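Read the structure below first, then the notes.
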Amino acid sequence: PNRKRTSASVFGTKLASSTRSSCVWNPVPRGPSPSIEGIPSAEVVAAFGRTTLCCRGPNPVAALKEMGLRPAVLAPEPNTWKELAGAMEALDLAARRVWVQEYGRPHPALCEALRTRGAEVRAVPIYAWQLPEDVAPLAHALDALCDGGADAVAFTSAHQLDNLFEIAEQRGRL
């Protein structure tokens, strides 16, 4: 979870009070109901309904569907930011507010691609991965890895690798 939610709160407030349509790149994590600090879920859904929703892949599309919403733009496979930017070529972004919802890491290349098309881009870190309070299991795994006690290692996200490197640096094993 993101302990510093200032950007998300600003995003929610501006989205809920928006009178002109905005574009939102929306890699929303799936969950029971959308909420943004201090704004009721129904208002968030209504605000999303007034925007041009642009999704990078199938997960945010499924999350929107659960809310009764559909994206106007969907990036084709392999669903990277480049395909999203390409799919958004059909939109006139000049002087449009585009909120890029980040999913743990900044996306400067996507933001810049949208700015070059005249969009007023704001990046919003909705959540950020952090180290767990108890890093002992990760430190143990790092020691096993460094000492030859692992034949393979699998990472399912870049954040896991970032955390491993952070612990490795703290323990002098980098």
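Since every read-out is calculated from the coordinates, none of them should be taken as a lab result. All of these numbers come straight from a predicted model, not from anything done at the bench. Glycine also receives a Cβ, built like all others from the backbone with ideal geometry; neighbour counts cover every protein chain displayed.
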Describe numerically, in nm with one decimal, the distance between label points set 7 Å from Cα along Cα→Cβ at Ala95 and at Arg70. 3.0 nm
Given a Förster distance of 41 angstrom, what is the FRET efficiency for Glu83 paired with Asp147, based on the Cβ-Cβ distance and rounded to 0.05? 0.50
On the formula 1/(1 + (r/R0)^6), with r taken between the Cβ atoms of Asp134 and Ala109 and R0 of 41 Å, the FRET efficiency rounded to 0.05 is 0.75
R0 = 35 Å: FRET efficiency of Thr156 with Thr52, Cβ-based, nearest 0.05? 0.65
Thr116 and Ser17 label points (each 7 Å along its Cα→Cβ direction) are spaced in nm at 3.4 nm
Quick one: which residues, 5+ away or cross-chain, put their amide H under 5 Å from the amide H of Ala123? H built at 1.01 Å from N. Val100
